[in-house]
Structure formats: structure tokens, C-alpha cells
Amino acid sequence: MAPALGRVIHEVRPDLIHALRIPFEGMLAAASRPSAPLLLSVWGNDFTLHAVATPSMRTATRQALRRAEALHTDCRRDLRLATEWGWSVAKPSMVLPGNGGVRREIFQPEEAAHPWRRSFLPGRTGGAPLVVQPRGFRAYVRSDTFFRAVPLVSERLPGAEFTGVGMEANPEFRRWTDRLGIGDRIFALPTQDPAGMAALFRAAWVSISPSVHDGTPNTLLEAMACGCLPVAGDLESIREWVVDGENGLLVDPNDPVSVARAIIRGLGEAGLREEAARRNVALIEARADRNEGMRKAEATYRQLVS
């Protein structure tokens, strides 16, 4: 495939090539030996999960980093890990959220009544505390831990409701709800567009992301921008955004009890939610505004092209 890609690049003659992750787009681009500058983006599990998987993945990761002229990571941790894998700090790099930042014209808190439950969940009350898992089913997100935490939370807070985005019509969702007997407390939603996700985050009290490998998830920042309390796996990359007990809660993503305790605390402490919302809206404005992020990305592009 690399020679074929090399021929396409030779014919098209692009100003630069941007591979949006290392495995496998970045590896393929590097192996094609393109004449145009190569910019690599790093996903949150490129180094912590994929690169260490096999000897061939280790080799291909190092080769891609050596070949690239610039690097984009969505957290400082991955920039540090990149240097351990052979990245030269003399080359250009940028640390930006994976999609450039948060579209704050969409993801923002609102004081008005939330129409989300009326449009998505006819018949449900708007006052019940809602917990959302926005990550769907992913190999590095412990959805099983989330499901196991639901009955533990319900024992303390029987009125709490839960939802999983991107889980509708997935047989795994039905298997877990039937197995744990929680079908009356949790409901599945299809994948949402940005406006739908923003409305959901505004309606929810807590957003839970029990991941074991991650950079900076877009849904984490979007929930924070909407004033929804983030509960996330205690990872180095997540700690770049969340200080436990101040603007969110960090958990052991492998432990349902740890997840349940954090959800119970988040639902039960209005003061924590309000203070976290205040901090997080300001944090997103300062560090994750998409307009500013795209300006930085464009500057890096121009630097490479020139």
C-alpha cells in the first residue's frame, strides 16, 4: 500500500500531508516516503496502547516519528511520550484538542429550561438527576464498569437516570441491562450531532468517562463547556484538565465501586457541581476555544509549507 500511496502523492503534489493518527495512517504515510512535509496527529492511545502491542508496532511507531516534520498531540503527556519514542524536540509541535477545540457557540451552559428530555425522552420528568456516558462502546472505555456502577448508585439514589450515547440497537447494551436488571434506569441513545450532544450535556448533572487509555477526549471538554460535572478515569492526560474534587472527580475506571461513589458524590453535592461548572467554563474559554486552536493549527501548517 505504501508504494501506491507514494504514487498518488507524487501525482497530486500536496503542500503537506496530515495523518490524523499514527496507527495506521501515519505509519502508512511515513512508509510511502512522501516528498511533502508530514504532520502527525497523536490519538490518546497511540503510545499507551498500540505502540507497545507488538514489536512491529514499536518499530513502525518509531519510524513514523522519525519521518514526520511536525507533531500534533491533544495533551502534554503524549508530547512527552513522543520524545521517549524518538521524536526530536527541535521539530515543530503543537498541543491542541483533537478537533482543534470546543465550538463554544454550541457547547455552552444555558439557564433556560432544557428541551432535551421532552424531545428525546417523552414522558420522563426533567427534574430527575441524569448521568450520561458519551463514549459509546470502545475497547479502551470500561463500559462494563459503568453498567456495574448503575445499581450501586441506584441503591443510594433510586431516582437517578442513566443514558449511553451511541449504544442504541447495540446488543451489548441489552445484554448488560438484562444481566443487571437495570433496564428501567438506563436507556440507550443513537449517536448525536453536536447540537444534540450539547443539549444532553446541559440536561445531565454528571458525564462519566471510565477510560483506561486516553488523551483529551472531545466529549470531556464539551461536557465541561456546558457545565456538566466530569467524572473520568484517573489518567495523566485527564489530570491536565481535571483536578479531583475541584472541577471534576477522578476514579479508578476498573472499579465499579469507585465509579459509583464519584457519581453519587457528583449527584449529591450541588455546590461541587456549581463550582466545577464555573471553573470549567472559564477553563475551556482560556485553553480550548476552537477559533484560537484553529489559528494555531494554521500557523503550524504555514510554517511547514514555507
Any hit, the stretch 272-288, residues being under 16 Å from V231 (Cβ atoms), at pLDDT 95 or above and either basic (K, R) or outside any helix (DSSP H, G or I) (or both): yes
Exactly one of M94, M57 is more than 30 Å from A199 (Cα to Cα) and part of a strand (DSSP E or B), and that one is M94
Please determine whether any residue of the stretch 44-51 is in a loop (DSSP other than H, G, I, E, B) and in contact with a helix residue (DSSP H, G or I) (Cβ under 6 Å, 6 or more places away or on another chain). yes
Scope the stretch 76-109; condition over 19 Å from the mean Cα position of the chain (by Cα) and of a type in the set (A, V, I, L, M, F, W, C); matching residues: A82, W85, W87, V89, A90
Can you tell me which condition L39 does not meet? The list is (1) modelled with pLDDT of 95 or more; (2) in a helix (DSSP H, G or I); (3) closer than 27 Å to A288 by Cβ, and all the others hold. (2)
Report yes if some residue within the stretch 221-232 is without any contact (Cβ under 8 Å) to a residue 24 or more places away in the chain and either assigned by TED's automatic domain parsing to the domain that holds F137 or not in a loop (DSSP other than H, G, I, E, B) (or both); otherwise report no. no
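Is it the case that L65 is assigned to a helix (DSSP H, G or I), surrounded by 17 or more Cβ atoms within 10 Å (Cβ to Cβ) and under 19 Å from the mean Cα position of the chain (by Cα)?
No.
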Could you list all residues from the stretch 147-175 that are within 23 Å of the chain's Cα centre (by Cα) and farther than 30 Å from I106 by Cα? R148, A149, E172
State all residues of the stretch 210-256 that are surrounded by fewer than 24 Cβ atoms within 10 Å (Cβ to Cβ), more than 23 Å from V95 (Cα to Cα) and in contact with a strand residue (DSSP E or B) (Cβ under 9 Å, 6 or more places away or on another chain); if no residue qualifies, say none. D252, N254
Looking at the structure I just gave you, is A4 under 27 Å from the mean Cα position of the chain (by Cα) and either of a type outside the set (D, E) or part of a loop (DSSP other than H, G, I, E, B) (or both)? no
Would you say T73 is at pLDDT 95 or above and within 22 Å of the chain's Cα centre (by Cα)? yes
Could you say whether any residue in the stretch 16-30 is among the acidic types (D, E), in a helix (DSSP H, G or I) and in contact (Cβ under 8 Å) with a residue 12 or more places away in the chain? no
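The values are calculated or read from the model by the stated rules, or taken from the named source; none is laboratory data. The structure presented is a predicted model; accordingly, all values stated were derived computationally and were not measured. Neighbour counts are summed over all protein chains in view; Cβ atoms, including those assigned to glycine, are modelled from backbone coordinates with ideal geometry.
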